[in-house]
Amino acid sequence: MKKYMETLRRSQSFYSYIGLALVFIIASVIVKEFLTFDNIITVLRQGSILLILSTGLTAVILTGNMDLSVGASSGLVGCICAQLLRAGLPIPLVFLIGLLAGALVGVFNGFLVGIVKLPSFVATYGTNWVVAGLSIIIMHGDIIYGLPKGFTWFGTGYVGPIPFIIIFALVIVIIAYILLQKTTLGRDIYAYGSNKDAALFSAVPIKKTLFSAFIMSGLTAAIAGMLMTARLNAADATMGDTYGLQTVAAVVVGGTSMLGGEGGITGTVIGAMLLTIIVNVMNLLGISSFAQPMVVGFVIVVMVLFDSYSRRKQNTVVRRKQPQTN
Amino acid sequence: MDNVILTTRAITKEFPGVKALDSVDFDLRSGEVHILVGENGAGKSTLSKVILGAYIPEGGEIYLGDEKVSFKSTRDALQRGIAAVYQEFTLIPYLNVAQNIFFNREPRNKYGLIDHKKMERDAKKLLESLNCDYINVKLPTKFLSVAEQQMVEIAKALSFNPRIMVFDEPTATLSEREVESLFRRIKKLKESGIGIIYVSHRMQEFKHIGDRITVLRDGKKIATVNIDEVNDMELVNMMVGRDISQVYHRSENHFTGEVLRTEKLSDKKGRVKEVDITLNKGEIVGIAGLVGAGRTELARLIFGIDPIGGGKLFIKGKEIKDNSPVKIVKEGVGMVCEDRKRMGLALNHSVMWNTVAVSLKSFFPKLLISHKKIVEIVTDYVKQLRVATPDIYRACKNLSGGNQQKVVLAKWLSANTDIMIFDEPTRGIDVGAKMEIYAMMDKLATEGKSILMISSELPEVIGMSDRIYIMNNGRIVGECKRGELSADQIGALMLGVGGDSCAS
């Protein structure tokens, strides 16, 4: 137990755990509707798209890079799928093409960052615009609605009392967790983010690793985009836009270091849930939607503050331990 | 001695867990070059930093002439005429030469604004006094070569009108020609009456530049001697503190069959030129040469970091065409890098993940990895190599240099590497750990592994190698078997003189 506590305390997501626990307790106390089955389901359903987007982005941030194109990519895939469905293509094929489109965006980002060697922040911001522009072209400025039932079920259907979308998000999270923690690819991603030179000298296939991370991000963006479209029963060129930076916030609030190499999926789940719960609680309390973004902003700043403070503290301890001889 | 300008008495400096300086007496005369020498961790840099006011000692006294002083900062020391030229440059790359020299004390005109004209004029004068007037004072320093930057550093130090100058490993990043010109300038400074403290561990330089030499070991002063009264072996014994043959112990060994060969191997940037070397099974081959001679570049080329520009590379008889680390490692080659913090380890990752960084794929060829098995493997290597760490989950940044190096070794051993390239394997680690690394290398060789070792420390190369190649300016300029050439002869070849004694 003691050992378990120490692992927990030393983990990068420690403050995220505390943050989530605090918010959860406070919410349960001050809002009596919060801790009901229906509301918990609502929170999970609302958070599932963000969660899916964040899992892929976690891989990219773990390499020490950034992907600012996830929001727009999810929008693009949603639009592509809606158009294809309207054209009457079978649903499994549409899913496949959607995934392929997401992967292609990932390959494009990987190319810009890994081969052309642009800073990922700028490169993926560029991709963000390209992809957003593509969506507008595909949609001709329209909104498509009224999609086939078989498709919308993925966004609105239930398995027993639980919405399918939650189960889907859970599956994605588990796959991403296994990929990052239990495979050599995952270890390569961590190694790349922690020290790219050391990774190169340890014969880590560094280009392949970087591409894999961006492709993961592209794939989760595609899945999120399709689920979003299914849930809304509509597609619009701008529908992914709000998710872009929110996804970054979820990953960072979850304790994954923007410098790479530290953090992981567990933290990201917490980060995404934390952001979702705060909005949910404010809705339950009837706080004006005008005031909500400000509160969310504060929460993000405070969480990142805690995180960077704890990191700094750890580092000072280390520095004192090492005598500076010569 | 009436021309003694600086004396320290019983200087003691402690860092948590380490006595970096233990009651050290030292003195400096005007117009002399006093070399401070010792292995890494011996306390030579610490002593120079105490003199420079960068460290405040716990005990002891410093005298300038007869006056007792105590410096609270480097600024105090500067005001009393003690200036430093550090190993790592302190120049700001985007500022020009003049701005750097007068950084933070720029001359002002009558409006209180910076007087650029005067600043540039003064900078020019300083550089002229160093015979470096070819350096453009208006150029940002990032456009200057390393040697030119160093001259700017020296000019900056001179601008304080120092009586004492401290050079901390000034030749570490210079080519041999630049070293020569640096030495000429140091001699000139010395003739002008400045006392010079010269921190170094490069034996081959001492005779060229030094007057007296003080040897430190484990924070204690061992001796101060006139440079012409000692020979290399005596110095090494003083530095190491025991008979050199014990430090560099080599077992009897037989070499069987060639495992690595290069034929006129060159890189694309002209830093490695038509290199022919061979390495046999069970052999330790040393590559001696100055920094910039192309040794590290040769290692990077063989390991696949840099692309081959010409010639051929054979590993175990097989020609390697498109070299990349992934490919080379598959052939069983490993590389222990010069800069383990930057290239050897993911410092904030645990001992465990660093140990299996290379071998993970071979242990788990299928998709999933097993945490339990990794723990078993790593625990085994940690025991074998006696890595001092409380547990295998500890981040590598918390380990000492020697133990970090052992983790790097474990990384390659676990990957079943049988050809190891060591680039400065003992840099920055203490004597005890060094001896363990040497013993390890000897053991690896007797087990039939082959080692290519690059080192700037000549005693290490001579002590450990079965065969030595000497590199100069990208080429192999000499080859000798164990015991064939003396340190002086090898040193001369490294500097590019005396090519006729070469045995190749």
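Numbers at a glance
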| quantity | calculated |
| --- | --- |
| 222 nm mean residue ellipticity, helices alone, for the protein assembly as shown (DSSP H n ≥ 4; -39,500 (n - 2.57); rounded to 500) | -15500 deg cm²/dmol |
| Longest segment of chain B lacking GluC sites (Glu not before Pro) that sit in a DSSP loop with at most 10 other Cβ atoms within 10 Å | B:253-446 |
| Amide H contacts under 5 Å for B:VAL166, placed H, 5+ residues apart | B:ALA83, B:ALA84, B:VAL85, B:ILE197 |
| ³J(HN,Hα) computed for each position of the stretch B:306-319 - Karplus, 6.51 cos²θ - 1.76 cosθ + 1.60, integer Hz, glycine/proline x | 9, x, 6, x, x, x, 10, 10, 10, 10, 6, x, 9, 6 |
| Using a Förster distance of 25 Å, the FRET efficiency for A:ASN283-A:ILE178 (Cβ separation, nearest 0.05) | 0.15 |
| Inter-label distance, nm, simple model (7 Å from Cα along the C-beta direction), B:LYS264/B:LYS383 | 5.3 |
| Helix axis angle, B:176-191 relative to chain B longest principal axis, alpha carbon, degrees | 30 |
| For q = 0.08, 0.10, 0.13 Å⁻¹, Debye-computed log10 I/I(0) when each Cα of chain B counts as one equal scatterer | -0.56, -0.87, -1.32 |
| Percentage relative contact order, chain B, counting C-alpha pairs under 8 Å, at least six apart | 15 |
| Exposure of A:VAL105 as accessible area (Å², to 10), given a probe of 1.4 Å and all protein chains | 20 |
| Calculated log₁₀ intensity ratio I(q)/I(0) where the Debye formula runs over C-alpha points of chain A, q = 0.07, 0.10, 0.12 Å⁻¹ | -0.29, -0.59, -0.85 |
| Degrees separating the helix B:371-384 axis from the principal Cα axis of chain B, which is the longest one | 70 |
| Over the stretch B:342-417: Kirkwood hydrodynamic radius from C-alpha pairwise inverse distances, Å | 12.2 |
| Coordinate range along principal axes, alpha carbons of the stretch A:28-172, Å, largest first | 52, 42, 26 |
| Shape category assigned to the stretch A:98-141 from the gyration tensor of Cα positions, a/c cut at 1.5 | oblate |
| Charge dipole magnitude, Cβ of K and R +1, D and E -1 - the protein assembly as shown, Cα centre, debye nearest 20 | 1640 |
| Solvent exposure ordering (accessible area, 1.4 Å, most first) of B:TRP353, B:TRP412 | B:TRP353, B:TRP412 |
| Built amide H within the under 5 Å cut-off of B:LEU260, gap 5+ | B:LEU279, B:LYS316 |
| 11 Å reach of a label modelled at B:THR256, 7 Å along Cα-to-Cβ, counting backbone N of the stretch B:432-456 | B:448 |
| Calculated from backbone phi, Karplus (6.51, -1.76, 1.60) coupling profile of the stretch A:25-36 in Hz, x at Gly/Pro | 5, 4, 4, 5, 6, 7, 10, 6, 6, 4, 8, 10 |
| Pairs of alpha carbons in the stretch A:140-278 whose separation is greater than 28 Å (percent) | 29 |
| Nearest-ten-degree value, helix B:401-414 long axis tilted from longest Cα axis of chain B | 20 |
| Interface burial for A against B (accessible surface, 1.4 Å probe, total of both chains, Å², rounded to 100) | 3000 |
| Fully extended contour minus Cα-Cα distance, from B:GLU234 to B:ARG105, at 0.36 nm per residue | 41.8 nm |
| Compactness of the stretch B:4-242, expressed as Rg and Dmax over alpha-carbon positions, Å | 18.3, 65 |
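The values are calculated or read from the model by the stated rules, or taken from the named source; none is laboratory data. Since the structure is predicted, the reported quantities are computational estimates derived from the model, not experimental observations. Reconstructed Cβ throughout: ideal geometry from the backbone, glycine too, with neighbour counts over all protein chains shown. In case anyone asks, the SASA skips ligands and DNA or RNA and just uses the protein heavy atoms, side chains included. Shrake-Rupley method; radii C 1.70, N 1.55, O 1.52, S 1.80 Å.
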